[in-house]
Amino acid sequence: SGVIYKKDGEYAYIVTNTHVINGAKKVDIRLADGTKVPGEIVRLSDHLKGEHVSFIKMDIEGAEKSALIGGADLIRREQPKLAICVYHRISDLWELPLLMHKLEPEYKLYLRHHTPVYQETVCYSLPR
């Protein structure tokens with residue numbers, strides 16, 4: 001399971017949990033209509049190398065930790081504002097803000113809850 005964020009010709013780029021790909025570099029992705037397309041696993045920092053990034057928002061169904069780790073070089077280099085969902089796993093509530101602080105210790109962290117139910121809690125990380 002995962003989310004396709006870009007389909008380019010014969011390739012599709014997906015965001016998924018690390019345990020789903022289990023160290024793979026290339027995968028076959030089955031779309032909702034049953035078609036299969038080849039996919040390549042890339043780190044966020046590699047995919048956006050050379051790009052200026054000022055804002056990163058992640059609500060990727062529990063894959064936020066893996067995506068932050070894969071984007072560590074990019075986050076350190078570009079120092080974008082971050083809006084990261086921290087509600088998919090109970091431990092996300094403390095693990096993701098700690099990771100965000102580790103990636104960029106000078107950032108200010110803010111936690112905001114956007115609904116009356118448990119969903120949509122976001123940790124914002126802003127440069128000072």
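Tell me, please, whether a residue that is within 24 Å of Gly9 (Cα to Cα) and open to solvent by 20 Å² or more (accessible area, probe 1.4 Å) can be found in the range 91-104.
So the first thing to find is which residues in the range 91-104 are within 24 Å of Gly9 (Cα to Cα), and the list is none.
Checking the range 91-104: not a single residue is within 24 Å of Gly9 (Cα to Cα) and open to solvent by 20 Å² or more (accessible area, probe 1.4 Å).
Only residues that are assigned to a strand (DSSP E or B) and either in contact with a Leu (Cβ under 8 Å, 6 or more places away or on another chain) or more than 15 Å from Met58 (Cα to Cα) (or both) were counted across the range 83-108, and they come to 2.
In the range 42-60, the residues that are farther than 12 Å from Arg77 by Cβ form Cβ pairs under 6 Å with partners that are open to solvent by 90 Å² or more (accessible area, probe 1.4 Å), at six or more places apart or across chains, as follows: Phe55/Lys81. Of the residues making up the range 12-41, those that are modelled with pLDDT of 75 or more, out of contact with any Leu (no Cβ under 8 Å at 6 or more places or on another chain) and of a type in the set (A, V, I, L, M) number 4. Every condition in (1) outside any helix (DSSP H, G or I); (2) within 17 Å of the chain's Cα centre (by Cα) holds for Ile69 except the one numbered (1).
Quick grid of which residues meet (1) over 16 Å from the mean Cα position of the chain (by Cα); (2) modelled with pLDDT of 90 or more; (3) surrounded by 15 or more Cβ atoms within 10 Å (Cβ to Cβ):
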| site | (1), (2), (3) |
| --- | --- |
| Arg43 | no, no, yes |
| Gly50 | yes, no, no |
| Ile56 | no, yes, yes |
| Ile60 | no, no, yes |
| Gln79 | no, yes, yes |
| Leu82 | no, yes, yes |
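Of all the residues in the range 24-41, those that are open to solvent by 50 Å² or more (accessible area, probe 1.4 Å) and of a type in the set (Gly, Ala, Ser) number 1.
Considering only residues in the range 62-75 that are in contact with a Ser or Thr (Cβ under 9 Å, 6 or more places away or on another chain) and charged (D, E, K, R), the one that is surrounded by the fewest Cβ atoms within 10 Å (Cβ to Cβ) turns out to be Asp73. With respect to the numbered conditions (1) under 30 Å from Asp28 (Cβ atoms); (2) of a type in the set (Asp, Glu); (3) part of a helix (DSSP H, G or I), which one is the sole condition not fulfilled by Glu61? For Glu61, the failing item is (3).
The values are calculated or read from the model by the stated rules, or taken from the named source; none is laboratory data. Here the structure is a predicted model, which is why all the values come from computation and not from measurement. Methodologically, a virtual Cβ is constructed for each residue, glycine included, from the backbone with ideal geometry; neighbour enumeration extends over all protein chains shown. Remember, those area values only see protein heavy atoms, side chains included, never the ligands or the DNA or RNA. Shrake-Rupley method; radii C 1.70, N 1.55, O 1.52, S 1.80 Å.
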